[in-house]
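Working notes, beginning with the structure itself.
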Amino acid sequence: MRSLGLLVAVAAGVTVLVATPAAAQQQTTVTANPNSGPAGSSTTFTWSGFIRCKGTIRINWAGSVLATAPYASTGSVTATIPPGTKVGTYTFTATDECQHIARNQFTVTPPPPVTTTRQPTTTTQPPVTNPPVTNPPVTTRPPVVTTTTTPPVTTTTTTTTTDSSTPSSSSTTDAFTGPADGVLVLDKENIQPGDDLTATGTGCPKGASVTLRSLGQDVGKTTADENGGFSSPVKFASIEPGRHKVRAECGIVLVGNVDVTLMSSSGGSTSTLVVLLFFLLIGAAMLRRQFSGLRR
């Protein structure tokens, strides 16, 4: 009996020795698919070779649990590589509660470049604006007003000759100049050769050169002030009796009229007659005194 028990014990030991190497030859593995990618990407962890245990299978990454799954000797679970993980190679593990462990590596790659789609630049041409068409102003010439002036009756006969080349008018503006453009005023309406005459006007451009003309000759020159006004003496080199126009040219044309008169011969004869009568009276008085002395 003792021999039979010993044989049974030896057989059991052999059985254990044969069974233990078979179990020890079961190797645990874990892989990742894909085994590289940028931080924040997903990968599937697959394990195998884990003998029956209990609890769960844990996938560990850099000392932290990345994912868990119910216990199975062979299985898989999908997890996300932790965002913010720097570029490099990291070791991950698969473990169960019986302290079986399998290791492998995952390479974190740089994130893919960001592709920016550039929108084509649209250039908007400014609208073409044609300048407004401006019609030149229409200048309406005022009608020429003719005023007849009757000179006062005096003891001196005055002969007035009207210049046939110009219309008779006492207006101080020319037909080329509207009343709002300017005015030329002569300080005298009637003069005799040699008399002083002054022309005053307004309406010229600021600082414009003003030329006074009459009978085709320059009779004065001055410069307009900042308000367009001017004043200048009028000097005739030669002039005949009659009505004459004085033109002020300063970019616009201003016109004034003046009458030139001469004393007639009848006035001179009257003066001579008065002098002769004076001397005749004196002579008569002297003769009378002489005759009175002879009578005595």
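When residues of the stretch 21-76 are filtered for being closer than 20 Å to residue 99 by Cβ, touching a Gly at 6+ places or on another chain (Cβ under 7 Å), of a type outside the set (Phe, Trp, Tyr) and part of a strand (DSSP E or B), how many remain?
3
Which of the residues that make up the stretch 60-79 are modelled with pLDDT of 95 or more and closer than 17 Å to residue 89 by Cβ?
Passing the criteria: only 60.
In the stretch 183-234, how many are more than 16 Å from residue 251 (Cα to Cα) and not in a strand (DSSP E or B)?
12
The values are calculated or read from the model by the stated rules, or taken from the named source; none is laboratory data. The structure displayed is predicted, hence computed values, not measured ones. Cβ: placed from backbone, ideal geometry, glycine included. Neighbour counts: every protein chain shown.
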